[in-house]
Amino acid sequence: MTSLRRLRCFPLRISRNLPAIFTLLFFSAGLLAAQATLSAGPLLLHQLRTIYVAPSSDTFVPLLKARLEKWSAVAITSKPEEADAILTCQTESTIVPAKVVMRNTTAEVTLVDRRSQRPIWKTAKSAAFDINRLADDIIDQLKKDFRKSASEY
């Protein structure tokens, strides 16, 4: 008789806990959705496939673009809406008076995720006289960081 009484009580205990069970399931699903939303941030560097190079009146930007076009890991697109990321570049040249007048160029290059508008990659480098060397250094750094991003993932 005691075991029969336990069987009758068992469904009653479950029915009392159903609201709590549904609440727990509801909040668990909500937490998972929130995690998915939070982790949907900017692309990782190694996930880039297309880059749009923002136009600039600066003569340094075409040097960067020419070097990016030679790199087979990413494609350069002519329309920003087709790109995964947008590359922007700001340069500053200063003349340093010394025994020999020296021109120092500093370039700050940023890749921004087109969808989230968050930076994916950024570097700043300087070079005296040779802006071709500066462009090479920046693209070499991008390639190095691209490979590092892929190996960490």
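Brief remarks on what is shown
- Enumeration of residues in segment 95-153 that are surrounded by fewer than 16 Cβ atoms within 10 Å (Cβ to Cβ) and within 14 Å of A85 (Cα to Cα): R115, S116, Q117, R118, P119, K122
- Residue count, segment 108-148 (criterion: part of a helix (DSSP H, G or I), aromatic (F, W, Y) and at pLDDT below 95): 0
The values are calculated or read from the model by the stated rules, or taken from the named source; none is laboratory data. In this text the structure is predicted, and so the values were computed from the model without any measurement. Neighbour counts are summed over all protein chains in view; Cβ atoms, including those assigned to glycine, are modelled from backbone coordinates with ideal geometry.
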